[in-house]
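Chemist: For reference, the structure I am asking about is given below.
The values are calculated or read from the model by the stated rules, or taken from the named source; none is laboratory data. Bear in mind the structure is a predicted one, so any value in this text is a computation, not a measurement. So basically every Cβ, Gly included, is an ideal-geometry build from the backbone, and we count neighbours across all protein chains shown.
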């Protein structure tokens, strides 16, 4: 397992103390306080209590995410033999759908650690607040600013470096949590996948492990998502709490080697292919 300092480009995302929150310090005061108030009203203190208990122990990446699942009594159900079929060396990426938010990230981290004992996960920059955990996070900043562009370029550069060191990289190519159409009452699906993951896979010549998470967030979340982004963000912490004590079912696909992926066309065609591979695991 490798330890590294938080990259200078990412230090602006750190907070002291860190919080489990989707409040954005760059948003207007009213929006920040609205999101924070709804999070607190819907139980943010409950998930932060779990987080603080885990942080009271000596930090150990190998056990942090499994301990989080134990603390929250979330059971991840999947085929261990399929997981251990992942190659033990070489560039490796885990690519998954994103139905929940926080919980699928925790589960995916635990799975990757079981395979390689190390990881880097690409995730929303708002969740990169903790100095110890941030060593293993590659933030994606969704702002349309020069700072955000620099962050995303740096995350891609580091992803390639870590892949060359046999450290797996985890990504949700949709970049956002799955949402129902028809104003929250329709079918739930990932947002269109970006080609960001495909670009990294092609440059690293990585093997891909496709992952499909069964399930979805509550109907309230999907309706809130159509009201406005602040409502959507405010609901995400509550959706994680709703999974406490539940079983999350996961399907793991066969490893897709670079030899298999090399002739899948350009970045968009490769992205479309990976999306189909993940969705095919649904059944």
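Chemist: Out of 215, 245, I need the residue that is over 29 Å from residue 14 (Cβ atoms), modelled with pLDDT of 95 or more and in contact with a helix residue (DSSP H, G or I) (Cβ under 8 Å, 6 or more places away or on another chain). Which one?
Modeler: Selected residue: 245, the only one of 215, 245 that is over 29 Å from residue 14 (Cβ atoms), modelled with pLDDT of 95 or more and in contact with a helix residue (DSSP H, G or I) (Cβ under 8 Å, 6 or more places away or on another chain).
Chemist: Only one residue in 62, 80 is surrounded by fewer than 17 Cβ atoms within 10 Å (Cβ to Cβ), more than 29 Å from residue 146 (Cα to Cα) and in contact with a helix residue (DSSP H, G or I) (Cβ under 7 Å, 6 or more places away or on another chain). Which one?
Modeler: Values: 80 fails: in contact with a helix residue (DSSP H, G or I) (Cβ under 7 Å, 6 or more places away or on another chain).
Testing whether each residue is surrounded by fewer than 17 Cβ atoms within 10 Å (Cβ to Cβ), more than 29 Å from residue 146 (Cα to Cα) and in contact with a helix residue (DSSP H, G or I) (Cβ under 7 Å, 6 or more places away or on another chain) leaves just 62.
Chemist: Let me ask you something else. Just checking, how many residues over the range 162-183 are part of a loop (DSSP other than H, G, I, E, B) and either crowded, with 22+ Cβ neighbours inside 10 Å or touching a strand residue (DSSP E or B) at 6+ places or on another chain (Cβ under 7 Å) (or both)?
Modeler: Going through the range 162-183, the residues part of a loop (DSSP other than H, G, I, E, B) turn out to be 165-168, 172-178, 181.
Then drop every residue that is not either crowded, with 22+ Cβ neighbours inside 10 Å or touching a strand residue (DSSP E or B) at 6+ places or on another chain (Cβ under 7 Å) (or both), which leaves 167-168, 172-173, 175, 177-178.
Final tally of qualifying residues: 7.
Chemist: Another question, if that's okay. For the subset of the range 218-253 comprising residues that are touching a strand residue (DSSP E or B) at 6+ places or on another chain (Cβ under 8 Å) and not in a helix (DSSP H, G or I), which member is farthest from residue 107 (Cα to Cα)?
Modeler: Among them, the one singled out is 253.
Chemist: Now for a different question. Got at least one residue in the range 98-111 being over 17 Å from the mean Cα position of the chain (by Cα), within 20 Å of residue 170 (Cα to Cα) and modelled with pLDDT of 95 or more?
Modeler: So in the range 98-111, the residues over 17 Å from the mean Cα position of the chain (by Cα) come out as none.
Within the range 98-111, none of the residues are over 17 Å from the mean Cα position of the chain (by Cα), within 20 Å of residue 170 (Cα to Cα) and modelled with pLDDT of 95 or more.
Chemist: Taking residue 186 as the residue in question, decide whether it is modelled with pLDDT under 95, assigned to a loop (DSSP other than H, G, I, E, B) and under 20 Å from residue 138 (Cβ atoms). Lay out the reasoning, then the answer.
Modeler: Details: modelled with pLDDT under 95: yes; assigned to a loop (DSSP other than H, G, I, E, B): yes; under 20 Å from residue 138 (Cβ atoms): no.
No: the conditions fail for residue 186.
Chemist: Further question on the same structure: Which one is farthest from residue 130 (Cα to Cα), of the residues in the range 36-92 that are part of a loop (DSSP other than H, G, I, E, B) and at pLDDT below 95?
Modeler: As a first pass, look at the range 36-92 and keep what is part of a loop (DSSP other than H, G, I, E, B): 42-43, 57-60, 73-74, 78-79, 84-91.
With the extra rule that they be at pLDDT below 95, the set shrinks to 42-43, 57-60.
Details: 42: 22, 43: 20, 57: 15, 58: 14, 59: 12, 60: 14 Å.
Filtering first and then ranking leaves 42.
Chemist: Moving on. Quick check on this structure: which one of 201, 227 is touching a residue at least 24 places away in the same chain (Cβ under 8 Å) and on the phi < 0 side of the Ramachandran plot?
Modeler: Of the residues listed, the single one that is touching a residue at least 24 places away in the same chain (Cβ under 8 Å) and on the phi < 0 side of the Ramachandran plot is 201.
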